[in-house]
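Nothing in this text is a laboratory measurement; each read-out follows from the coordinates by a stated rule. The shown structure was predicted, so the numbers you read here are calculated from the model rather than taken from an experiment. Cβ atoms come from the backbone with ideal geometry, glycine included; neighbour counts cover every protein chain shown.
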Amino acid sequence: ANDGYKLWLQYNHIQDKQIRTSYQSNIKRIIPFGNSETIKVALKELELGLNGMLGSKVLSGTKNNIESNSLMFGSESSLNEIVKNQLGNAFNEINDEGFVIKTISIKGKNQIIITGKNDVGVLYGVFKFLRLLQTHQSIENLNIIDAPKIKVRVLNHWDNLDRTVERGYAGFSIWDWHRLPDYIDSRYRDYARANASIGINGTVLNNVNANALILTPQYLEKVEALANVFRPYGIKVYLTTRFSAPIEIGGLETADPYDAEVIAWWKNKVKEIYSKIPDFGGFLVKANSEGQPGPQNYGRNHVDGANMLADALTPFGGVVMWRAFVYSEHDITDRAKQAYSEFVPYDGQFKDNVIIQVKNGAIDFQPREPFHPMFGTMPKTPLMMEFQITQEYLGQSTHTVFLPKLYEEVLQSDTYKKGKGSTVAKIIDGSLDNKVLTGIAGVSNIGNDINWTGNPMLQANWYGFGRLAWNPYLSSEEIADEWLRSTFSNDEKFVKPVKDMLLSSREAVVNYMTPLGLHHIMDTGHHYGPGPWVSDLSRPEWNPVYYHKADSLGVGFDRTPSGSNATAQYAPQVASKFNNLETCPEEDLLWFHHVSWDFKLKNGKTLWDGMALKYQEGVDQVASMISIWEEAKPYVDEERFSDVYMLLNIQHKEAKWWRDACLLYFQEFSQKSLPVGVEKST
Ligand code: GCW
């Protein structure tokens, strides 16, 4: 077996005897309150985890024989008075999915209670409790109260019905449509366990470039089978819908959202879905973007389209996640400005169950992008975050890049929309504008590869996305720490250096691919490897030269008032920071400015020299990641060690490829020689 399959739920035997016996003495019995499917999976998980970590079978008990030192778990309604009385006001501090883990006293003995308003909260509490043991923390005198800050926490699978995955680099789709609904792959349960362990509560099963067939009865029964597997884990199923489905599978002539037959068709379709899946989550829609059909095909707008679907879902409590990733071939001055101009004027017109799903940046999932200017700009409309976990533009599943660092940077960005401190996190969790409907989506990096993500290190990105979806204020450092301990080892000699390696990996990829604000210079189409040169793609904004605009004078995209003026979409404080060469962060320099090759950087170097040295720095950073990993060998099983080792070596080779290709290309414009310190290509 490959340990990579078990993700961060390794439940390794705890070697340290002192720690192990302290846990054993606190958990002599496990006692479930209630017997719902959710409580049953929580019990199973506890048994698996505790037996694995403690090495001895923990006895189970019943409510009526609470003896010494038990671990009890059940929802609020299952608790007796003795327990309730010791919980104080804890239930007032959590929402429907939150949990409480507390050490209380019964018959003069310490007992641990894990509870929540609902069973799913209990399950989240159980996973949190197991994580305490996985990370070797004390379980004496527990008093943990926690609840998710964001409501809809979903993975977006760009999975096609033929099992190919758009931008998927970890094998084929894990959904075996051919053998569903009768064959339930055990991987579905492990997928649900993994997601529940980090608080993900929804999954959109199919690609946003959607196939209408998913809405036919033949597929809906397969979707239903998956929903049945996921339900005990608190995971709802959502589907992407093709806007033209009424034509393709409904036999109608049009998909015009104003057409009575179209409206009726969607209402019936939604009713049919809910008759099979009563807790169905709703729809995700990519409309009028990159050739997908949408309301604009009929002279309508995004509001018309989204609201029609929202109306159909309202009676059942479903939501519409309508994507803002749109850019048209007609206005090509600056693609970065288009989503804002298509959506912001409609603030306040969307129905309550519509949430606009916005990518973290205005272009497309680059190694670094300034935050999307739409955040904070639609105070009357719920906006959800779309992060990409799969690494379309970041070396795909070959390069080790720890993405929580990127997510954290975006979430902590200050939009200034309501003055200082208006961070993106506060918009996403609804606190800035008192939003009820809140959400966050991560484009999944999961496939049927034995280790799920094609590279064991990239499991951390799935994990980290889930943790930030639960609490967008967590630090990437905490996440790296937890993940490493649960996935590999608690030994400080392992955790410390490998954590440093993860935390620096994101800056490394920026340095060797797109330093100083460069962007979208990956080779066209597949987006793997460098390709800053002219491509023959039909649309100008698919051509890398559109983004870097290198010429003999300099390089960079002028988005200030002298150029596209995209900065005007930000709050004035932010716009002036970006507009001004003195205050524009150097890491975003070429995103916002076209500057000369001789422009002086803060370190006194010219732009050309500084850029070349950044490329070199990226290469050097990957080299040191390799040395760190070599030292980690004693703490990692052979398979995962060598998988990561081989991949890091490819990454090193490719970092040099990036450096050499980009510098050689840009040198044609700068006509300058490479500074000392930059290695010559071989
Ligand atoms: O990042 C781009 C990808 C497309 C993707 C699109 C989108 C699903 O290159 O493959 O399509 O974004 O997000 O809709």
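Shape analysis of the chain yields a ratio of the Cα radius of gyration to the Kirkwood radius, Rg/Rh, of 0.98. With a threshold of 26 Å on the Cα-Cα distance, the over-threshold entries among K499/K577; K222/K267; K40/K151; K17/K128; K40/K117 are K499/K577. If one computes the Cα centroid of the range 320-375 and of the range 530-567, what distance in Å separates the two points? Here the two parts' Cα centres lie 20 Å apart. Scalar couplings 3J(HN,Hα) for the range 352-360, obtained by applying the Karplus form with A = 6.51, B = -1.76, C = 1.60 to θ = phi - 60°, are 4, 9, 9, 10, 8, 9, 10, 5, 4 Hz; x denotes Gly and Pro. Taking amide hydrogens as placed 1.01 Å from N in the peptide plane, the amide H of G202 sits under 5 Å from those of R153, L155, K236, each at least 5 positions away in sequence or on another chain. Summarising the strand pairing of the chain, around 30 percent of its internal DSSP beta bridges are antiparallel. Between E329 and E261, the FRET efficiency estimated from the beta carbon spacing at R0 = 30 angstrom works out to 0.45.
For the chain, the longest principal axis of the C-alpha atoms and the axis of helix 492-513 are separated by about 30°. Each label was represented as a point 7 Å from its Cα along the Cα-to-Cβ direction; for W657 and D500 these points are 2.9 nm apart.
For the pair the range 608-682 / the range 156-219, the C-alpha centres are spaced 35 Å from each other. As a rough guide to protection, the peptides 76-84, 421-429, 165-173, 570-578 ranked by mean Cβ packing within 10 Å, highest first, stand as 421-429, 165-173, 570-578, 76-84. Taken one residue at a time, the phi angles of the range 73-84 give Karplus couplings (6.51, -1.76, 1.60, θ = phi - 60°) of 8, x, 7, 3, 5, 8, 7, 8, 4, 4, 6, 3 Hz. Gly and Pro are set to x.
Computed 3J(HN,Hα) for the range 206-218, one whole-Hz value per residue from the Karplus formula 6.51 cos²θ - 1.76 cosθ + 1.60 where θ = phi - 60°, is 10, 4, 5, 7, 8, 10, 4, 4, 4, 8, 7, x, 4, glycine and proline marked x. Sorted on the mean count of surrounding Cβ atoms within 10 Å across their residues, most packed first, peptides 626-639, 62-75 read 62-75, 626-639. Which FRET efficiency, nearest 0.05, do R179 and V436 yield, Cβ-Cβ r, R0 45 Å? So the FRET efficiency works out to roughly 0.70.
Place a label point 7 angstrom from the Cα of Q349 along the Cα-to-Cβ direction, then list the residues of the range 546-588 whose backbone nitrogen is under 14 Å away. Under cut-off, by backbone N: nothing. Given contacts defined as C-alpha pairs under 8 Å and at least six residues apart, what's the relative contact order of the range 1-91, whole-number percent? Once divided by the residue count of the range 1-91, the mean separation gives 36 percent.
Net length available on complete extension from Q667 to K633 is 8.2 nm, with 0.36 nm assigned per residue and the Cα-Cα distance removed.
For the chain, the longest principal axis of the Cα atoms and the long axis of helix 476-487 meet at an angle of about 50 degrees. Is the range 403-510 rounded, prolate or oblate when judged by the Cα gyration tensor, a ≥ b ≥ c being the square roots of its eigenvalues, rounded requiring a/c under 1.5 and prolate requiring a/b larger than b/c? Prolate shape, in that a/c is at least 1.5 and a/b is the bigger ratio. Ranked by the mean number of other Cβ atoms within 10 Å per residue, highest first, peptides 39-52, 193-206 order as 193-206, 39-52.
For the chain, the longest principal axis of the Cα atoms and the long axis of helix 37-54 meet at an angle of about 90 degrees. Can you give the FRET efficiency for D162 and H13, using 1/(1 + (r/R0)^6), R0 = 45 Å, r = Cβ-Cβ distance, to the nearest 0.05? E(calc), rounded to 0.05, equals 0.60. Our estimate of slack between S56 and S535, defined as 0.36 nm per intervening residue step minus the Cα-Cα distance, is 166.2 nm. Figure legend: label point modelled 7 angstrom from the Cα of S552 along Cα→Cβ; residues of the range 591-616 with amide N under 20 Å from it are 594-599, 607-609. Put a plus charge on the Cβ of each Lys and Arg, a minus charge on the Cβ of each Asp and Glu, and nothing anywhere else: the dipole of the chain about its Cα centre is then about 1840 debye. Net length available on complete extension from S186 to S624 is 153.8 nm, with 0.36 nm assigned per residue and the Cα-Cα distance removed.
With a threshold of 31 Å on the Cα-Cα distance, the over-threshold entries among K337/K614; K6/K633; K359/K656; K109/K426; K549/K602 are K109/K426. With both labels modelled 7 Å from their Cα along Cα-to-Cβ, the K44 to K605 distance reads 5.5 nm. A straight Cα-to-Cα reach below 20 Å connects K28 with the aspartates and glutamates D16, E45, E47, E67, E140, residues fewer than 8 places away in its own chain not being considered. Close amide H pairs (under 5 Å, H built 1.01 Å from N) link G439 with K151, V152, M385, residues at least 5 positions away or on another chain. Ignoring aspartates and glutamates fewer than eight residues from K435 along the same chain, the ones with Cα atoms less than 14 angstrom from its Cα are D347, D352. Where both bridge residues fall in the range 152-483, DSSP classifies roughly 5% of the beta bridges as antiparallel. For GluC sites (Glu not before Pro), the sites in the range 267-331 that DSSP calls loop and that have at most 16 other Cβ atoms within 10 Å are E290, E329. Distance between the modelled labels on S22 and Q573, one decimal in nanometres: 4.4 nm (7 Å Cα→Cβ projection).
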